Amino acid sequence: MDRIGKILTPALLLAIAVLVLTAAAKPMGALQTPAEAYQAGAFTKGIIEGYGTMDALASLVFAIIVIDAIRSMGVTDTKHVLSLTTRAGLVAAGCLALVYIFIAYMGATSVAGLGMQENGASVLSKSAEFYFGLGGKVLLAVIVLLACLSTSVGLITACGEYFNRLMPQLSYHKWVVIFTLVSFGFANFGLKEIIKLSIPALMLLYPLTMAIIILAFLHPLFGGKRVVYITTMLATGVMALFDGWKTFESFMEMKSGFVSNLDNFFSANLPLYGSGLGWLLPAVVGFALGFAISKLAK
């Protein structure tokens, strides 16, 4: 908290602000027409693309660090811990929203000067060079270093603590070394390959993550009954498993007849399936079923 919260993150936000505010003050051109995928159904497309940020997945892990940090300051009352965690979450979400909005604006106005780029990393890199020359490359290096360092330190710390609790045979420090080396290995594949490898897993994990976050907010509504969690997660998990496998087959350029037939059936009958949110209706049905059982059963 003392190093990342008070030094690295403010430095990161300052470095990003220099770049995005310059782009906002001196846009390369007018806002361009959205890419074809965003001309219709931009909201659902944005959610699916948001899977790649892994923000929701990371939030479940980072919450451990936030809560432990608050408790280490002597706060023990559960309601007080919840209040402080909520405020920290709102600050973090607000900062992320501002950063994403400004970067989206920079991307939309950069097409006139840079043309269409393959991914956001290229937009940032070439925009920084456009505005600041060699200094822009240095600025971007600082942004990437601070962003990746603060994120990786947080994730490795949280995962090290979690797996040490799960399997105490290995010390916390050994888990940290393991996760650092594994992450270093994956990093050398490059952003494009990492995204390609991770998307099938994200299509499986993200619906489950979003479902459990929504259930946490609705917890008081159904009294925290376990059966509601079970039925909702099972219904969501079935669709998430299918989406993950279908995406994996697509990347591997293979498609079985069974998957093709199910894909066609869901496309014709399941709302929002074509937008990648086919898990939403099963999750609602699972929730309704669990809620009904919780009311009827003793």
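Could you sort H173, H219 by their accessible area in this structure, using a 1.4 Å probe and putting the largest first?
Ranked list, largest accessible area first: H173, H219.
Return the aspartates and glutamates within reach of K174: Cα separation strictly under 16 angstrom, same-chain partners fewer than 8 residues apart disregarded; answer none if there are no such residues.
E161
Quick one: accessible surface of I7, probe radius 1.4 Å, all protein chains present, in square angstrom to the nearest 10.
100
What translational diffusion coefficient, in µm²/s and rounded to a whole number, does the Stokes-Einstein relation yield for the stretch 36-147 at 25 °C and a viscosity of 0.890 mPa s, taking the hydrodynamic radius as the Kirkwood radius over Cα pairs?
It diffuses with D of about 145 µm²/s by this estimate.
Over the Cα atoms of the stretch 193-296, what is the Rg over Rh ratio if Rh follows Kirkwood?
We get a ratio of 1.04 for the stretch 193-296.
So which lysines can K137 reach, going by Cα to Cα under 28 Å and dropping same-chain residues fewer than 8 places off?
Candidates past the 8-residue exclusion: K6, K26, K126, K192, K196.
Read phi for every residue in the stretch 230-238 and hand back ³J(HN,Hα) as whole Hz from Karplus 6.51 cos²θ - 1.76 cosθ + 1.60, θ = phi - 60°, with x for Gly and Pro.
4, 5, 5, 5, 5, 5, 5, x, 4
Quick one: order Y273, Y162, Y131, Y38 from most to least accessible surface, probe 1.4 Å.
Y162, Y38, Y131, Y273
Report ³J(HN,Hα) in whole Hz for each residue of the stretch 159-174, in order, from the Karplus equation J = 6.51 cos²θ - 1.76 cosθ + 1.60 where θ = phi - 60°; Gly and Pro get x.
The phi angles translate into 5, x, 5, 5, 6, 5, 5, 6, 10, x, 4, 9, 6, 4, 5, 5 Hz.
Could you identify which residue out of E249, E118, E49 has the top mean-square fluctuation in a GNM of the chain using Cα springs shorter than 10 Å?
E118
What accessible area, in Å² to the nearest ten, does a 1.4 Å probe give for I212?
Around 70 Å² of this residue is reachable by solvent.
Kindly report, to the nearest 10 Å², the accessible surface of W175 as traced by a 1.4 Å probe over protein heavy atoms only.
Result for W175: roughly 30 Å² accessible.
Among 236-244, 153-161, what's the highest-first ranking by average C-beta atoms within 10 angstrom per residue?
In decreasing order of mean packing, 236-244, 153-161 become 236-244, 153-161.
Using θ = phi - 60° and the Karplus form 6.51 cos²θ - 1.76 cosθ + 1.60, what ³J(HN,Hα) does each residue of the stretch 12-21 get, whole Hz, x for Gly and Pro?
4, 4, 5, 5, 5, 4, 4, 6, 6, 6
Among the lysines, which fall within straight-line cross-link reach of K295, defined as a Cα-Cα distance under 16 Å, with same-chain neighbours fewer than 8 residues apart omitted?
K225
Hull surface divided by four, with the convex hull built on the Cα atoms of the chain: how many nm²?
Over every viewing direction, the Cα hull of the chain projects on average to 19.7 nm².
The values are calculated or read from the model by the stated rules, or taken from the named source; none is laboratory data. These figures come from a predicted structure and were not determined experimentally. Methodologically, a virtual Cβ is constructed for each residue, glycine included, from the backbone with ideal geometry; neighbour enumeration extends over all protein chains shown. Ligands, DNA and RNA are excluded from the accessible area calculation, which covers all protein heavy atoms including side chains. Shrake-Rupley method; radii C 1.70, N 1.55, O 1.52, S 1.80 Å.
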